Amino acid sequence: MDTPTSDHDLVDEVEIADHAGLSGASISRARLRDGTPVVVKRSSPESDLFQRRLGHPVSLEHVLWQDGTLCRLPSGIRAAVLGTWLTSRVATIVMVDLGDSILGGGHIFSADEALAMLERVERLHRAGLRPSASTPLEPVISLFDPNRLRDHGANGLAADVERGWAAFRDFAAPTLANAVIEIVERPGVLVDALGSRPSTFCHGDIAAVNMAWADDDLVLVDWGQAFVGPPALEVARFLPSGLVRSELDPDSFLAEYRALSGDRFDAEALALSLLATLVWYGWRKALDVVETADPTHRAREAAALSWWCDVADRGIGILARTA
């Protein structure tokens with residue numbers, strides 16, 4: 001297979017018109033000159049909301065490929081990237097066309113598959129990689145702060161997020177709701193607490209839409225939110241979407257994570273990470289409760305959000321003790 005290094009290596013490129021995503025990066029399908037089918041992503045701070053919001057003047061995925069990080073991943077886990085280049089401020093990322101093997105947002109994880117995924121991700125966390133750049137923890141946690149989104153031109157998304165946090169206030173106990181939204185707006189104390197825990201290189205967006213299986217390897221796409229931080233934060237951020245459709249409930253999944261981590265398990269980091277995940281995505285979980293018409297589904301979403309509120313309370317307690 002050729003290693004693409006410029007636009008001249010791509011033929012028959014066609015943009016995927018129905019690509020649905022929040023970031024704004026463009027996605028196309030093409031072939032390399034040797035006939036290999038590929039997916040091509042192009043992003044810049046001007047076009048990609050998340051790149052802009054996370055503070056990357058150049059695509060982080062491009063940086064991680066160029067500095068060799070994505071070529072040093074441990075066995076059992078792969079990046080889909082085949083090559084990258086930069087034209088002015090626009091990064092072109094050429095990836096293996098994984099087609100229907102991408103698990104997708106509707107994927108149902110069996111218990112065995114969820115644990116296999118967790119084991120591969122744990123290998124990444126144990127690898128000790130230290131890239132030349134990563135995403136700071138502050139924008140990782142406060143990605144969906146409506147004020148910051150509006151500052152970056154995402155007015156429609158900011159309005160949705162504000163609506164979600166209003167629903168969260170109606171759902172959660174006032175003390176908890178006030179504490180969580182205070183952290184959304186001023187995340188420094190939580191960022192400092194997470195930054196004090198043992199850290200490692202993390203993919204940053206472990207979700208079914210970014211995963212495929214190739215033989216026995218877990219292939220991950222979209223490394224643009226990669227960070228160096230507690231591995232528990234990576235695991236916690238999988239829960240809101242990954243375990244919605246799974247045979248494992250969150251407590252069982254986290255028990256498996258604790259067992260897999262062994263003497264590296266950090267209970268305080270996990271409690272803080274679960275709080276950080278609610279700060280990151282609680283608005284969406286609240287909307288899932290109030291905007292779901294089916295009463296059975298609505299009750300399930302309400303139970304899930306109650307679980308998040310309970311575990312977040314533990315993290316708030318840790319912050320209060322260390323303040």
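Being surrounded by 18 or more Cβ atoms within 10 Å (Cβ to Cβ), more than 21 Å from the chain's Cα centre (by Cα) and not aliphatic (A, V, I, L, M) is true for just one of P37, P4. Which residue is that?
Result of the check over P37, P4: P4.
Among P174, P146, P131, which is the only one that is in the same structural domain as D263 (by TED's automatic domain parsing), over 25 Å from A79 (Cβ atoms) and under 20 Å from the mean Cα position of the chain (by Cα)?
The match here is P146.
Looking at this structure, is W223 touching a Phe, Trp or Tyr at 6+ places or on another chain (Cβ under 6 Å), crowded, with 16+ Cβ neighbours inside 10 Å and aromatic (F, W, Y)?
Spelling it out, it is not the case that W223 is touching a Phe, Trp or Tyr at 6+ places or on another chain (Cβ under 6 Å), crowded, with 16+ Cβ neighbours inside 10 Å and aromatic (F, W, Y).
For region 173-248, list the strands (runs of 3 or more DSSP E) that sit wholly inside it and hold at least 1 residues that are closer than 15 Å to R120 by Cβ and not acidic (D, E); which are they?
Result: 200-202, 211-214, 217-220.
Can you tell me which residue is surrounded by the most Cβ atoms within 10 Å (Cβ to Cβ) among those in region 130-144 that are of a type outside the set (V, I, T) and in contact with a Phe, Trp or Tyr (Cβ under 7 Å, 6 or more places away or on another chain)?
Among residues in region 130-144 that are of a type outside the set (V, I, T) and in contact with a Phe, Trp or Tyr (Cβ under 7 Å, 6 or more places away or on another chain), the one surrounded by the most Cβ atoms within 10 Å (Cβ to Cβ) is S134.
Scanning region 278-314 for residues that are hydroxyl-bearing (S, T, Y) and part of a helix (DSSP H, G or I), which turns out farthest from L176 (Cα to Cα)?
Looking at the filtered set, the residue picked out is T296.
List every residue pair whose Cβ atoms lie under 6 Å apart, where the two residues are 6 or more positions apart in sequence or sit on different chains, the first residue falls within region 296-323 and is surrounded by fewer than 19 Cβ atoms within 10 Å (Cβ to Cβ), and the second residue, located anywhere, is at pLDDT below 95 and not in a helix (DSSP H, G or I).
Listed by first residue and then by second, the contacts come to R298/T292.
Testing L70 on (1) over 13 Å from H152 (Cα atoms); (2) touching a residue at least 12 places away in the same chain (Cβ under 8 Å); (3) more than 20 Å from the chain's Cα centre (by Cα), one condition comes back false. Which one is that?
(3)
In region 53-100, how many are assigned to a helix (DSSP H, G or I) and modelled with pLDDT of 95 or more?
Qualifying residue count, region 53-100: 10.
For region 197-213, state whether one or more residues are of a type in the set (F, W, Y) and either free of Cβ contacts under 8 Å to residues at least 24 places away in the same chain or under 13 Å from M117 (Cα atoms) (or both).
Taking every residue of region 197-213 in turn, at least one turns out to be of a type in the set (F, W, Y) and either free of Cβ contacts under 8 Å to residues at least 24 places away in the same chain or under 13 Å from M117 (Cα atoms) (or both).
The values are calculated or read from the model by the stated rules, or taken from the named source; none is laboratory data. On a predicted model such as this, the values are computed, not experimentally measured, just so you know. Ideal geometry is used to build each Cβ from the backbone, glycine not excepted, and the neighbour counts take in all protein chains shown.
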